[in-house]
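The values are calculated or read from the model by the stated rules, or taken from the named source; none is laboratory data. Predicted model only: the values in this text are computed from it and were never measured. FYI the Cβ positions are ideal-geometry reconstructions off the backbone, even for glycines, and counts take in every protein chain you see. All accessible areas refer to the heavy atoms of the entire protein, side chains included, with ligands and DNA or RNA removed. Shrake-Rupley method; radii C 1.70, N 1.55, O 1.52, S 1.80 Å.
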Amino acid sequence: MAMVEKNGSAVGYVARNLLLCLFVVTTILFALSCYFVLRSTAHNRFLSSTFPSKSFVDVKGVKPEKENCRCVKDEKSVTAGPLKVYMYNMDPEFHFGLLDWKPDGNKKGSDSVWPDIQKYIPPYPGGLNLQHSIEYWLTLDLLASEYENAPRAIAAKRVYNSSEADVIFVPFFSSLSYNRFSKVNPHQKTSRNKDLQGKLVTFLTGQEEWKRSGGRDHVVLAHHPNSMLDARNKLFPAMFILSDFGRYPPTVANVEKDVIAPYKHVIKAYENDTSGFDSRPILLYFQGAIYRKDGGFVRQELFYLLQDEKDVHFSFGSVRNGGINKASQGMHNSKFCLNIAGDTPSSNRLFDAIASHCVPVIISDDIELPFEDVIDYSEFSVFVRTSDALKENFLANLIRGISKEEWTRMWNRLKEVEKYYEFHFPSKVDDAVQMIWQAIARKVPGVKMRIHKSRRYSGSVSDTGKESSWSSLIPRSFW
């Protein structure tokens, strides 16, 4: 009996020691795990402070250019400064030749395809042509970036080695080509616009720069909704600069890959605006085409809903018979200006309203807005769902319910942001030209990622020359 008690005591002693050892080991492992977790989170905080996420434009003000941390270029450190752009020296028939400019026969090499803009700048046609003229302003800005000691800050710099470039710029004036040369003349089988698009596809797909990236780092301008109709489906890997996505399937153009750029307003800017809520007698203003296709049916419906409102101006208008001057006067005398979807989600009336300091009322459910990743449009615009706008008395009551103080706040904000939508040559700090370049720059990291992903299985080939393993089953479009 004593032996049994002694053995039981020994077993209990061993058990207690084992439990104690297990507790000590568990405590040590817990402490070590906490230590490594803290190290990992501290490392992440270090990375966040070393490579901060910065936008090019602060909504409340412009950040200094030296802070414009753009992207990580491959494995190199963070780069700053202007966007590096390689521009193809394409035949003038694609760009300034469309403006009837002819190259100097005495010049040779790359200089022969471009006008000497220090001496002469080919003029761009006026009227409604101007609203889709971004291709002209961006190309001029790149050409001007070459001049040494330019007395201005630049957002993009032309480089001559494509391997050093962030993006490859395609200087095809596609909107101008559509506006001027989309009709088939009696002696032609196809239009000049269609022929140029065919030549463009052949040219681009034959370039080493295109083959190297699959076109993903190329910037193609197609601001007019009907421009590049024949080429867009063949050049879809490129970054398109568009006015909206209304006539593009998401597989060809989308907000992740492409850039929405502003129209160039056609009405007169309201300089030295000293007006105010009480000195603008018109409550709500719209003048333009009322009967439109596709989503533009809402214009006709709103016309019938608002036509009897005494302080609302809603009428048909065009550029003819002084239409632009009449629209300028009307918008300058209005508190709110309607921007309604037409044939496509976007309209130049938004940018006419901004230039007039007339608070935009946006009725377009599918609209994408320029620079919306850095600009909060709700600070100076009123958004109304189409379904709500078409309810009887809803829109008029909504607008009348906005107080003088709230309108004045939006009006002041309009005067602050209007510079982001003005096109200049030479470009100015954070004007529309530089804002477009900055929007392109913000896409560069995504472009690099897509290019790198596309190369993941580029070496997965068997001895027979066919792709090996399951990677051959994945469509190339996925990458």
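SER378 - would you say it is more than 21 Å from VAL255 (Cβ to Cβ), part of a helix (DSSP H, G or I) and among the hydroxyl-bearing types (Ser, Thr, Tyr)?
Numbers: more than 21 Å from VAL255 (Cβ to Cβ): no; part of a helix (DSSP H, G or I): yes; among the hydroxyl-bearing types (Ser, Thr, Tyr): yes.
Here the answer is no, as SER378 does not meet what is asked.
Based on this model, can you work out whether THR251 counts as within 20 Å of the chain's Cα centre (by Cα), under 26 Å from ILE440 (Cα atoms) and surrounded by fewer than 16 Cβ atoms within 10 Å (Cβ to Cβ)? Explain how you work it out, then say what you get.
On the way: within 20 Å of the chain's Cα centre (by Cα): yes; under 26 Å from ILE440 (Cα atoms): yes; surrounded by fewer than 16 Cβ atoms within 10 Å (Cβ to Cβ): yes.
So THR251 passes the test.
Scan SER403, SER381, SER462 and give me the residue that is modelled with pLDDT under 95 and among the hydroxyl-bearing types (Ser, Thr, Tyr).
Of SER403, SER381, SER462, the one residue that is modelled with pLDDT under 95 and among the hydroxyl-bearing types (Ser, Thr, Tyr) is SER462.
For segment 169-243, give me every one of the helices (runs of 4 or more DSSP H) that falls completely inside it and has 1 or more residues that are on the phi > 0 side of the Ramachandran plot and touching a Pro at 6+ places or on another chain (Cβ under 6 Å).
Numbers: elements: 174-181, 192-205, 208-213.
Filter on segment 169-243 gives an empty set.
Quick check, is ASP273 touching a residue at least 24 places away in the same chain (Cβ under 8 Å) and more than 27 Å from the chain's Cα centre (by Cα)? Reasoning before the result, please.
Details: touching a residue at least 24 places away in the same chain (Cβ under 8 Å): yes; more than 27 Å from the chain's Cα centre (by Cα): yes.
Yes: the conditions hold for ASP273.
Given (1) assigned to a helix (DSSP H, G or I); (2) within 22 Å of the chain's Cα centre (by Cα); (3) more than 17 Å from VAL298 (Cβ to Cβ), identify the lone condition not met by LEU350.
(3)
Could you figure out which of (1) surrounded by 14 or more Cβ atoms within 10 Å (Cβ to Cβ); (2) within 18 Å of LYS326 (Cα to Cα) isn't true of PRO281?
Unmet for PRO281, out of (1) surrounded by 14 or more Cβ atoms within 10 Å (Cβ to Cβ); (2) within 18 Å of LYS326 (Cα to Cα): (1).
Checking the conditions here, which among GLY127, GLY109 is modelled with pLDDT under 95, closer than 27 Å to ASN226 by Cα, open to solvent by less than 60 Å² (accessible area, probe 1.4 Å) and out of contact with any Cys (no Cβ under 7 Å at 6 or more places or on another chain)?
Details: GLY109 fails: closer than 27 Å to ASN226 by Cα.
When all the criteria are applied, what remains is GLY127.
Filter segment 353-368 for residues that are open to solvent by 10 Å² or more (accessible area, probe 1.4 Å) and either closer than 20 Å to ASP431 by Cα or charged (D, E, K, R) (or both) and give the result.
Correct list: ASP365, ASP366, GLU368.
Can you tell me which residues in segment 168-194 are surrounded by fewer than 24 Cβ atoms within 10 Å (Cβ to Cβ) and small (Gly, Ala, Ser)?
SER182, SER191
Give the residues of segment 332-348 that are in contact with a His (Cβ under 9 Å, 6 or more places away or on another chain) and crowded, with 24+ Cβ neighbours inside 10 Å, sorted by residue number.
Scanning segment 332-348 gives a single hit, SER334.
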